[in-house]
Amino acid sequence: MSEILNFDTIHDYNSFLGIETWHPLISSIDFTTVTKEFHHIRKRYGFYFVFLKDVKCGDLIYGRHTYDYQEGTLVFIAPGQVAGKDDTGETFKMQGWGLCFHPDLLRGALLGQKMNDYSFFSYESNESLHMSERERQIIVNCFKEIKDELTHSIDKHSKSIITANIEVFLNHCMRFYDRQFITRENVNKDVLSRFEKLLNGYYDSEKPQLIGLPSVQYFADELHFSANYFGDLIKKETGKSAQEYIQIKVIEKAKNKLYYPDKSINEIAYELGFKYPHHFSRMFKKLVGNSPTDYRLTKKTRETQKSGNNSRFF
């Protein structure tokens, strides 16, 4: 097992870098001021960490398309996550900017209640935010504004000003991620097509009986995405969450099965992957408006009426 370096506090990380701690719960770091050289090592952070890799990334290839985001890449790390790589013997100097802030800073603040909205903190490193030069400059200005605020003495206004600056920073990141989803529209449509194929294939196999209902995590793993990134991608493309998309497909399958009277409601529920039939009935009623039993009876009544109407012409 490779070594993992733990940073539980902002001060721990600042000490590792050899820089001063201006505030115990937040640090905005210009890595050009860090003079030390480092070996690669895996690190576990006890705080939020946004790292701007301010290096020439070159053209980035996604699917069959190339995107030119030369100026910077933002990586987002949530408390408890591990980042970095094993020691290869080489040394390096850090470049770019970093923003570290502890969850304790957000307690009692409105931003603390909104952190789950910033789902990019659960993206994988290969799902990072790649920025244009204009976007990069906006983000660098955010780093600088937070750093400037930290040089002032802490007073009763510090927390509200700092958290407001963090929120502006994160909202810019959300906007740029939305742009990134749009600029990769063709790639995203390919992912959606593969998702649809996998979903249909799931119900053409015995997986519902063996595994149960298909989950967002299952398809994210199959498509090599984190669950949050995959969910956000599907939401941008369809207007529905990945979970809603799956549920709609399950209900379509259910309607087809309910059309034929040879199987009971319970049998259909188990075939679809429901552990308990009443869970199936609850979902069906929520999405369709009536129970599976009522839906089947309604369909049967309509078929009978249609048959009766047709018989008048013979």
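The values are calculated or read from the model by the stated rules, or taken from the named source; none is laboratory data. A quick note: this is a predicted structure, and the numbers were derived from the prediction, not measured. Glycine also receives a Cβ, built like all others from the backbone with ideal geometry; neighbour counts cover every protein chain displayed. Keep in mind that these areas ignore ligands, DNA and RNA; they rest on the heavy atoms of the full protein, side chains included. Shrake-Rupley method; radii C 1.70, N 1.55, O 1.52, S 1.80 Å.
What number of residues within the range 68-83 satisfy the criterion of being closer than 21 Å to E124 by Cβ and either surrounded by fewer than 15 Cβ atoms within 10 Å (Cβ to Cβ) or at pLDDT 85 or above (or both)? Walk me through it before giving the result.
At the first step, the residues of the range 68-83 found to be closer than 21 Å to E124 by Cβ are 69, 72-83.
Next, from what is left, pick out any that are either surrounded by fewer than 15 Cβ atoms within 10 Å (Cβ to Cβ) or at pLDDT 85 or above (or both): 73-83.
Adding up the residues that qualify gives 11.
What about I161, is it under 21 Å from I29 (Cβ atoms) and open to solvent by less than 20 Å² (accessible area, probe 1.4 Å)? No: the conditions fail for I161.
Of all residues in the range 126-138, how many are of a type outside the set (A, V, I, L, M, F, W, C) and within 9 Å of F76 (Cβ to Cβ)?
1
Of the residues making up the range 190-213, those that are closer than 15 Å to E252 by Cβ and touching a Pro at 6+ places or on another chain (Cβ under 9 Å) are L199, Y202, Y203, P208. Restrict the check to the range 191-201 and report whether at least one residue is more than 22 Å from the chain's Cα centre (by Cα) and either open to solvent by 40 Å² or more (accessible area, probe 1.4 Å) or within 28 Å of F230 (Cβ to Cβ) (or both). Scanning the range 191-201 turns up at least one residue that is more than 22 Å from the chain's Cα centre (by Cα) and either open to solvent by 40 Å² or more (accessible area, probe 1.4 Å) or within 28 Å of F230 (Cβ to Cβ) (or both).
To keep it simple, each residue is scored yes or no on (1) hydroxyl-bearing (S, T, Y); (2) over 17 Å from F101 (Cβ atoms); (3) free of Cβ contacts under 8 Å to residues at least 12 places away in the same chain.
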residue: K144; (1), (2), (3): no, no, no
residue: H152; (1), (2), (3): no, no, yes
residue: D178; (1), (2), (3): no, yes, no
residue: F195; (1), (2), (3): no, yes, no
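Residues in the range 151-182 that are basic (K, R) and more than 16 Å from G108 (Cα to Cα) were compared, and the one that is modelled with the highest pLDDT is R175. Each residue in the range 123-150 was checked for being open to solvent by 50 Å² or more (accessible area, probe 1.4 Å), modelled with pLDDT under 90 and polar (S, T, N, Q), and 2 of them qualify.
For residues that are in a strand (DSSP E or B) and under 20 Å from D8 (Cβ atoms), scanning just the range 34-48, find the one that is most open to solvent (accessible area, probe 1.4 Å).
R44
Residues of the range 217-236 that are surrounded by 18 or more Cβ atoms within 10 Å (Cβ to Cβ) and either within 23 Å of A254 (Cβ to Cβ) or touching a residue at least 60 places away in the same chain (Cβ under 8 Å) (or both): Y218, F219, F225, S226, A227, N228, Y229, G231, D232, I234.
Among the residues of the range 80-136, which ones are part of a strand (DSSP E or B) and of a type in the set (V, I, T)? Correct list: V82, T91.
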